[in-house]
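Student: First, the structure itself, so that you have it in front of you.
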Amino acid sequence: MDHVSTVVGQWGAERPELDVSPLLVIGRIHRIAARLTPELVEVYARHGLGEGDFDVLATLRRQGPPYALTPGELGERTIVTSGAVTKRVDRLAEKGLVQRRRSASDGRSRSIVLTSGAGGSSTRRWTNTSPTRPGCWPGSTPTSGPPWVTCWPGWLRPWVPETTRRLVRHTGARPGPTTPVRPSGYR
């Protein structure tokens with residue numbers, strides 16, 4: 001029995017009328033994140049980055065050429081405020097990993113663009129993080145990944161509309177087609 005099962009059992013003994021079964025999933029996800037975060041932060045730090053910095057680089061890199069987004073689009077795709085985007089972009093621009101470029105079609109608009117060296121280095125940074133290595137998860141194979149990963153999109157689907165409304169209400173971000181969502185109750 002793991003710690004989360006123990007907690008759920010304790011609640012069952014103390015308050016049997018409460019359905020605390022969601023803790024079986026939520027608690028385990030939280031513990032996995034707590035276990036992986038320090039490892040990821042260490043990898044990012046070796047490359048002179050923080051978590052948010054890496055998130056911006058990876059988001060730009062996965063867009064494909066020309067590896068550019070507006071600050072608003074970056075905020076949508078990374079689910080952070082415009083102020084957080086500005087701080088992250090400022091840090092990355094100081095390191096020469098991104099540039100702010102004026103839009104060719106609208107002189108008032110700017111895009112954030114990966115510099116020539118950052119595209120390849122962000123890919124290397126991503127592939128060097130241990131949670132992305134093939135077969136690193138218990139029960140996974142190099143080609144299939146963890147066995148439970150295919151269940152998650154179905155679990156998240158019922159929460160998408162409410163999460164989208166909450167995202168707009170709390171951050172002002174307008175979700176795009178690739179905006180990740182977070183479960184209901186996230187603040």
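Student: Residue check, V56 against (1) among the β-branched types (V, I, T); (2) under 16 Å from the mean Cα position of the chain (by Cα); (3) over 30 Å from G96 (Cβ atoms), all met but one. Which one?
Tutor: The one condition V56 does not meet is (3).
Student: Just to be sure before I move on: is L49 more than 14 Å from the chain's Cα centre (by Cα), touching a residue at least 40 places away in the same chain (Cβ under 8 Å) and crowded, with 16+ Cβ neighbours inside 10 Å in the structure I sent?
Tutor: In short, yes.
Student: Looking at the range 31-45, which of the residues that are in contact (Cβ under 8 Å) with a residue 24 or more places away in the chain and of a type outside the set (A, V, I, L, M, F, W, C) is nearest to D2 (Cα to Cα)? Full working, then the answer.
Tutor: The initial filter retains those residues of the range 31-45 that are in contact (Cβ under 8 Å) with a residue 24 or more places away in the chain, namely 31, 36, 39-40, 43-44.
With of a type outside the set (A, V, I, L, M, F, W, C) added as a condition, the list becomes 31, 39, 44.
Values: R31: 11, E39: 22, Y44: 30 Å.
Step by step, filter the range 31-45, then rank; the result is R31.
Student: Continuing with the same structure: Residues in the range 61-84 that are of a type in the set (K, R) and surrounded by 16 or more Cβ atoms within 10 Å (Cβ to Cβ): how many?
Tutor: Number satisfying all stated conditions: 2.
Student: Specify which of the listed residues (A104, A58) is modelled with pLDDT of 90 or more and either assigned to a helix (DSSP H, G or I) or loosely packed, with under 13 Cβ neighbours inside 10 Å (or both). Walk me through it before giving the result.
Tutor: On the way: A104 fails: modelled with pLDDT of 90 or more.
Checking each option against the conditions leaves just A58.
Student: Starting from the range 1-16, take each residue that is modelled with pLDDT of 90 or more and list its partners that are assigned to a helix (DSSP H, G or I), counting only C-beta distances under 7 angstrom and pairs at least six apart or across chains.
Tutor: So the pair list comes out as V7/L23; V7/G27; V8/L23; V8/L24.
Student: In addition: Would you confirm, using the coordinates I've provided, whether L114 is of a type outside the set (S, T, N, Q), touching a Phe, Trp or Tyr at 6+ places or on another chain (Cβ under 6 Å) and modelled with pLDDT of 90 or more?
Tutor: Answer is yes for this residue.
The values are calculated or read from the model by the stated rules, or taken from the named source; none is laboratory data. As the structure is a computational prediction, the values presented were derived from the model and not from experiment. Note: ideal-geometry Cβ built from the backbone for every residue, glycine included; neighbour counts use all protein chains shown.
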